[in-house]
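Read the structure below first, then the notes.
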Amino acid sequence: MSLNDSSNKQMILSEKSIQIQSMFDKISKRYDLLNRLLSAGQDTRWRNKMIRSMPSIVSKQGTLYDIACGTGDVLLNTKRKRKDYSNLIGFDISEGMLSQARIRSKLKQYDIQFIQASAEQIPAENNSADCITISFGLRNVDNRETALQEFHRILKKGGTLFVLEFFPSESTFFAKVFDIYFKKVLPKIGGLISDKSAYEYLPKSVSTMPSGKEFKQILSNIGFIEIEQTLWLGGATRLFKAVKKS
């Protein structure tokens, strides 16, 4: 088994992480519906692109860790579409989100494990994952570089990391559009269906992300190689692919 004994230890969370945990616990039951509505289904398309890009595992016994797994979208779709990944484990700070993920997985009768853990301290052994994914979760992590170093630690040599995330747009047009949408439209929609404060938080979290160029350098400094990125919406959404050196 690729998990270690630290999976039984209590999480040590910063004040920001505790706030994030509470926020996602609160919106967990409406999270999927809001994601579909607010992205017009594009979040599903972007995640599917990531799943298709995952490296093929000849043994058909690949191990995938999905960090900040939420309600399990990536893992559920990987189980359905990628038969070469048989060991699927999701980690998330929010027990509310994990509860929804377990319900969805049980309904599909999928063998997927979901564990409560922060991105900065994953209870998994060194060099144990063939692939690690994190989608729209890195911006919520308090210490991102620590988390990225943790991902590097638990990846096998030659393993692949995927980061799908919102970034500040390089396009002036898209930057203006998203500024209006995130700050004025999104919180109103979120407030009608779920918790308004959670969707007021979103634009603030995006603004704290580095530029694409800066993020690529961070990955390189940690030790990742073969760093590639796919851009959508003028760079407002990016999929980074990076490999742990063999």
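Please determine whether any residue of region 94-104 is charged (D, E, K, R), touching a Ser or Thr at 6+ places or on another chain (Cβ under 7 Å) and under 19 Å from Val163 (Cα atoms). Spell out the reasoning first.
Filtering region 94-104 for residues charged (D, E, K, R) gives 95, 102, 104.
From what is left, the residues that are touching a Ser or Thr at 6+ places or on another chain (Cβ under 7 Å) are 104.
Remaining after also requiring under 19 Å from Val163 (Cα atoms): none.
For region 94-104, residues charged (D, E, K, R), touching a Ser or Thr at 6+ places or on another chain (Cβ under 7 Å) and under 19 Å from Val163 (Cα atoms): absent.
Right, Ala117: buried (at least 18 other Cβ atoms within 10 Å of the Cβ) and not acidic (Asp, Glu) or not?
Numbers: buried (at least 18 other Cβ atoms within 10 Å of the Cβ): yes; not acidic (Asp, Glu): yes.
The answer is yes for Ala117.
Show me the strands (runs of 3 or more DSSP E) entirely contained within region 99-218 in which 1 or more residues are closer than 21 Å to Lys16 by Cβ, out of contact with any Lys or Arg (no Cβ under 9 Å at 6 or more places or on another chain) and modelled with pLDDT of 90 or more.
113-116, 129-135
Test Tyr65 against the stated conditions and say whether it is among the aromatic types (Phe, Trp, Tyr), over 24 Å from Ile189 (Cβ atoms) and either touching a residue at least 60 places away in the same chain (Cβ under 8 Å) or surrounded by fewer than 20 Cβ atoms within 10 Å (Cβ to Cβ) (or both).
On the way: among the aromatic types (Phe, Trp, Tyr): yes; over 24 Å from Ile189 (Cβ atoms): yes; either touching a residue at least 60 places away in the same chain (Cβ under 8 Å) or surrounded by fewer than 20 Cβ atoms within 10 Å (Cβ to Cβ) (or both): yes.
The answer is yes for Tyr65.
Using the structure shown, decide if Val177 is surrounded by fewer than 19 Cβ atoms within 10 Å (Cβ to Cβ) and β-branched (Val, Ile, Thr). First the steps, then the outcome.
Values: surrounded by fewer than 19 Cβ atoms within 10 Å (Cβ to Cβ): yes; β-branched (Val, Ile, Thr): yes.
Criteria met by Val177.
Within region 68-86, which residues are in a loop (DSSP other than H, G, I, E, B) and in contact (Cβ under 8 Å) with a residue 24 or more places away in the chain? Steps first, please.
Of the residues in region 68-86, the ones in a loop (DSSP other than H, G, I, E, B) are 68-72, 82-84.
Once the filter is applied, which keeps residues that are in a loop (DSSP other than H, G, I, E, B) and in contact (Cβ under 8 Å) with a residue 24 or more places away in the chain, region 68-86 yields Ala68, Cys69, Gly70, Thr71, Gly72, Arg82, Asp84.
Six or more apart or on different chains, Cβ atoms under 6 Å: show the pairs whose first residue is in region 221-246 and modelled with pLDDT of 95 or more and whose second is of a type in the set (Lys, Arg) and assigned to a helix (DSSP H, G or I).
That search, which allows pairs on different chains as well, returns Ile227/Lys216.
For region 20-39, name all the residues that are under 18 Å from the mean Cα position of the chain (by Cα) and either of a type in the set (A, V, I, L, M) or at pLDDT 90 or above (or both).
Ile20, Gln21, Ser22, Met23, Phe24, Asp25, Ile27, Ser28, Leu33, Leu34, Leu38
Quick one: in region 14-47, of everything that is acidic (Asp, Glu) and in contact (Cβ under 8 Å) with a residue 12 or more places away in the chain, which residue is nearest to Leu138 (Cα to Cα)?
Of all residues in region 14-47, those acidic (Asp, Glu) come to 15, 25, 32, 43.
Restricting the remaining residues to those that are in contact (Cβ under 8 Å) with a residue 12 or more places away in the chain gives 25, 32, 43.
Working: Asp25: 17, Asp32: 18, Asp43: 15 Å.
For region 14-47, the residue satisfying everything is Asp43.
Got a number for residues in region 144-172 being on the phi > 0 side of the Ramachandran plot and β-branched (Val, Ile, Thr)?
0
Any chance region 176-196 includes a residue that's of a type in the set (D, E, K, R), touching a helix residue (DSSP H, G or I) at 6+ places or on another chain (Cβ under 8 Å), in contact (Cβ under 8 Å) with a residue 12 or more places away in the chain and over 22 Å from Ala68 (Cβ atoms)?
Yes, that holds for at least one residue.
Exactly one of these conditions fails for Gly191: (1) under 22 Å from the mean Cα position of the chain (by Cα); (2) surrounded by 13 or more Cβ atoms within 10 Å (Cβ to Cβ). Give me its number.
Evaluating Gly191 over (1) under 22 Å from the mean Cα position of the chain (by Cα); (2) surrounded by 13 or more Cβ atoms within 10 Å (Cβ to Cβ) leaves (1) as the failure.
Would you confirm whether or not region 87-98 contains a residue that is surrounded by fewer than 18 Cβ atoms within 10 Å (Cβ to Cβ) and without any contact (Cβ under 8 Å) to a residue 60 or more places away in the chain?
no
The values are calculated or read from the model by the stated rules, or taken from the named source; none is laboratory data. Only a predicted model underlies this, so the values are computations on that prediction, with no experimental measurement involved. We place every Cβ from the backbone using ideal geometry, glycine too, and count neighbours over all the protein chains shown.
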